[in-house]
């Protein structure tokens, strides 16, 4: 299980100082307005040209489609097996071979995308939303609210989300627990233990930019508080969070896979790559393809998110812009 | 006595007599080379510094003055910057042709430098005492305890209160002015003959500026240290410099004693600079700004770089680089009408 | 420095209490039967339930329950496994093994990541740099259980270079492969941080000052730059330690190492919820303490963080 908390640190390094210089006139303040949107336009232009980014996003897109509509990629029921085909190697009948129950590995791999991607996206979006919410409250209201939120965040941060997930899942679930419940519990656990690092990044970004010259200038010009918040502060804060979030998706997916591997995550009839690997372990010597293909897909999925995150980070890095 | 790297036979023989030349820079050129292009950012710069003399290299940003300083010190960021031509003679030897080890031996001990941004120039993770003492330990052959004692003395010398205690503090715990004093302490630690100060006071408050400059002035006088003051501040130059080397777009356009520059300069650029200093008399007439802006180093060719902005420009100015003429003893100018300007007064 | 350590310790205590409270809540305050499975396939007898209720104070208000729990935790009374062994005994036997595994893993990580990372940072875009970056990304993306049993299979079974599973005594030589597997994903991150720190630091002004003092390049980079690189690297190591601990569950499980992770692994397989929860809580406490120590060491290395 991986915990790319170190990437939070890297993201913190990135959001050093605001890119914008001090402004005086209204015209300059307006120009700054467009410039903060220009960050995204610049980034997009850079990203569009990076082959690694294009490839990884395409892979993610394909996997997403696979997760939503697996029937587009594979016909048949992933859970129906014909014992006559048990452990047969890859052939035109089954491109990835068959597992011990005679189930088509290819079909199962395709259907397995759903588990990983659902967890990945749900956790990322969840932690981001809640993190941004609490982070901005903490930063903007300050005082006691800030202390409370930060303290709670610290306590939650002290517990690695993978370990927390082990406790929660082993306590709350059994073989009989419906899969949808397992999934929700897993996602909630990760969100609960994952939001503090996002909140921390947002809070420090807001605190840094709040005192930046261009924000003060904006306020001096009479721009309202919320306008300042939305047009000036948040865009600056969003990019490190975006970078941080994309870098953690890989970790969430790996965590789900590991938990399924351990037997704590999803169980049949749901299909999960981690579970497939665990099922296939005894047949490593005789029918390695049962393990190989889910592992490859796991690796490719995580790699795609990691590469996309890297590309995003480089594109949003102010040092890369003229 | 431990054998010491600087007591080798190759160590520079530094002139002892007052007024004699410490440093002679001749036709120094610095280029920035990339895979796409080569840009000359310092061209044909020549000047001398005598023992105990304070020479100001004056110029706006982009004039090449900092690069000149770095080239003399030998700390150019290579790549992409390279010395393309010229000689820098110190103690009878051309520093540019010295092998690495001997060049290094000169740095810190005979020529040292004070940088502009003291916060980034000091290592944030080492105490101030460590950073001063390491000079004595590594270049001076002293033991740790002696080195620390000397460091404390130096902090005292640069008027940092509570020196002994502050040795253990870190750069971020000092104010800007104090940090600059620490940098100066580091620079004079090994008693160099020449100190190069690159915009030492630009980042400081005006009152602190005065204190620091006065201290530098005093230290140079006491130790008969040559000083190269790299700055854009006319006021600083008028108060502290003996000689001024005025640079524009990478070339020296005028070099003379400070008095001569202020009373009768021989180059349109210097005149324009002096006139642009705001005076109360300008209340009615408005500020005298030099129209235009300094050229991009890539656009400077074989002509007078100031011509586009010069009120006296002639076709001849664009025909080639104006030769340097000596309008008076020790007063050089690179302008075709230098002598007329001086005659006009 | 001491002031900082004191302050950090003070901050640590509420976090410790909070974290253990959360762990406690996750087991005892959530819906579900914590005694499930204790008595085999059938529901536990009333006697058993009554005894447990007495022991853990389950009929008292939540706060009291928590305090009882805390007291038990502090006195080392961690309850028993389903087979009746004292969990504290199990831990004290298993901990040294895991500790050795972790240390070997950290050594491997640091040595490899430092040498490759620093070298890549100094010579950017060279062949080492590009290869290392590429390889580290791939290794980082492979889930640890895949790496574990592939390594086990290829090196242990197919090639026979090492024993596929570790013998009960767990001698250090046999721990090297599992430690390497543990190290792989983390090494990637460490290496990249080191590379970035070195690459960025090479352009720092303070290096220019060090050169202007006439020091050899070896001192400029080796002393002045390295000191600045160590703090962020150590910080990362501390953060990634969580991943290390999580990984031990899988690696010790696969290689049959009788360490804390292995016990947790088996307890998960056996569905011994309470054992799992208790042991993971202990691991979390351990992680918090290590983090505290790392923070303090980092502050020693980078004085700027002391005033935060």
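The values are calculated or read from the model by the stated rules, or taken from the named source; none is laboratory data. Please read all numbers here as calculations on a predicted model, not as lab measurements. Glycine also receives a Cβ, built like all others from the backbone with ideal geometry; neighbour counts cover every protein chain displayed.
Take residue B:213 and decide whether it is within 23 Å of residue C:211 (Cβ to Cβ), part of a helix (DSSP H, G or I) and under 16 Å from the mean Cα position of the chain (by Cα). Criteria not met by residue B:213.
Listed here are the helices (runs of 4 or more DSSP H) enclosed by the stretch C:198-308 that have at least 3 residues being within 14 Å of chain B (Cβ to nearest Cβ): C:205-212, C:226-254, C:273-301.
Checking the structure you have, find out if any residue of the stretch A:306-316 is more than 11 Å from chain C (Cβ to nearest Cβ), over 22 Å from the mean Cα position of the chain (by Cα) and at pLDDT below 85. Scanning the stretch A:306-316 turns up no residue that is more than 11 Å from chain C (Cβ to nearest Cβ), over 22 Å from the mean Cα position of the chain (by Cα) and at pLDDT below 85. Summed over the stretch C:1-44, residues that are away from chain A (no Cβ under 14 Å) and at pLDDT below 70 total 4.
Rundown of residues vs (1) modelled with pLDDT of 90 or more; (2) over 30 Å from residue B:302 (Cβ atoms), yes/no style:
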site	(1), (2)
B:215	yes, yes
B:226	yes, yes
B:237	no, no
B:244	yes, no
B:266	no, no
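Test residue A:290 against the stated conditions and say whether it is over 18 Å from the mean Cα position of the chain (by Cα), away from chain C (no Cβ under 12 Å), in a helix (DSSP H, G or I) and crowded, with 21+ Cβ neighbours inside 10 Å. For residue A:290, the condition - over 18 Å from the mean Cα position of the chain (by Cα), away from chain C (no Cβ under 12 Å), in a helix (DSSP H, G or I) and crowded, with 21+ Cβ neighbours inside 10 Å - is met. What about residue B:105, is it farther than 20 Å from residue B:205 by Cβ and surrounded by 20 or more Cβ atoms within 10 Å (Cβ to Cβ)? Yes. Looking across the stretch C:157-197 at every residue that is outside any helix (DSSP H, G or I) and in contact (Cβ under 8 Å) with a residue 12 or more places away in the chain, the one that is nearest to the other protein chains (Cβ to nearest Cβ) is identified as C:164. Residues in the stretch A:166-184 that are more than 10 Å from every other protein chain (Cβ to nearest Cβ) and under 17 Å from residue A:252 (Cβ atoms): 3 in all. Among the conditions (1) in contact (Cβ under 8 Å) with a residue 60 or more places away in the chain; (2) buried (at least 23 other Cβ atoms within 10 Å of the Cβ); (3) away from chain B (no Cβ under 14 Å), the only one that residue C:136 does not satisfy is (1). Here B:35, B:85 are screened, and the one residue that is more than 11 Å from the chain's Cα centre (by Cα) and at pLDDT 90 or above is B:85. Run down A:239, A:278 and say which single residue is facing chain C (nearest Cβ under 9 Å) and surrounded by fewer than 24 Cβ atoms within 10 Å (Cβ to Cβ). None of the others qualify; the one that does is A:278. Examine the stretch A:101-111 for a residue that is modelled with pLDDT under 85, over 30 Å from residue A:199 (Cα atoms) and surrounded by fewer than 18 Cβ atoms within 10 Å (Cβ to Cβ), and state whether such a residue exists. Checking the stretch A:101-111: at least one residue is modelled with pLDDT under 85, over 30 Å from residue A:199 (Cα atoms) and surrounded by fewer than 18 Cβ atoms within 10 Å (Cβ to Cβ). Inside the stretch C:48-59, residues that are under 20 Å from residue C:281 (Cβ atoms) and either loosely packed, with under 13 Cβ neighbours inside 10 Å or at pLDDT 70 or above (or both) make up a count of 2. Once the stretch B:288-314 is narrowed to residues that are over 13 Å from residue B:248 (Cα atoms) and touching a helix residue (DSSP H, G or I) at 6+ places or on another chain (Cβ under 7 Å), the residue that is surrounded by the most Cβ atoms within 10 Å (Cβ to Cβ) is B:290. All of B:10, B:19, B:62 fail the test of being modelled with pLDDT under 90, in a loop (DSSP other than H, G, I, E, B) and within 17 Å of the chain's Cα centre (by Cα), apart from B:62.
Taking the options C:194, C:225, C:207, name whichever one is surrounded by 21 or more Cβ atoms within 10 Å (Cβ to Cβ) and closer than 21 Å to residue C:107 by Cβ.
C:194
Can you name the residue in the stretch B:65-100 that is in contact (Cβ under 8 Å) with a residue 40 or more places away in the chain and either over 26 Å from residue B:232 (Cα atoms) or in a loop (DSSP other than H, G, I, E, B) (or both) and is also nearest to the other protein chains (Cβ to nearest Cβ) among such residues? Among them, the one singled out is B:76. Is it fair to say residue B:126 is within 13 Å of another protein chain (Cβ to nearest Cβ) and assigned to a helix (DSSP H, G or I)? Against the criterion (within 13 Å of another protein chain (Cβ to nearest Cβ) and assigned to a helix (DSSP H, G or I)), residue B:126 does not qualify.
Each row is one residue, and each column tells you yes or no for (1) assigned by TED's automatic domain parsing to the domain that holds residue B:205; (2) surrounded by fewer than 19 Cβ atoms within 10 Å (Cβ to Cβ); (3) within 26 Å of residue B:295 (Cβ to Cβ); (4) out of contact with any helix residue (DSSP H, G or I) (no Cβ under 9 Å at 6 or more places or on another chain).
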| position | (1), (2), (3), (4) |
| --- | --- |
| B:27 | yes, yes, yes, yes |
| B:38 | yes, yes, yes, yes |
| B:68 | yes, no, yes, yes |
| B:71 | yes, no, yes, no |
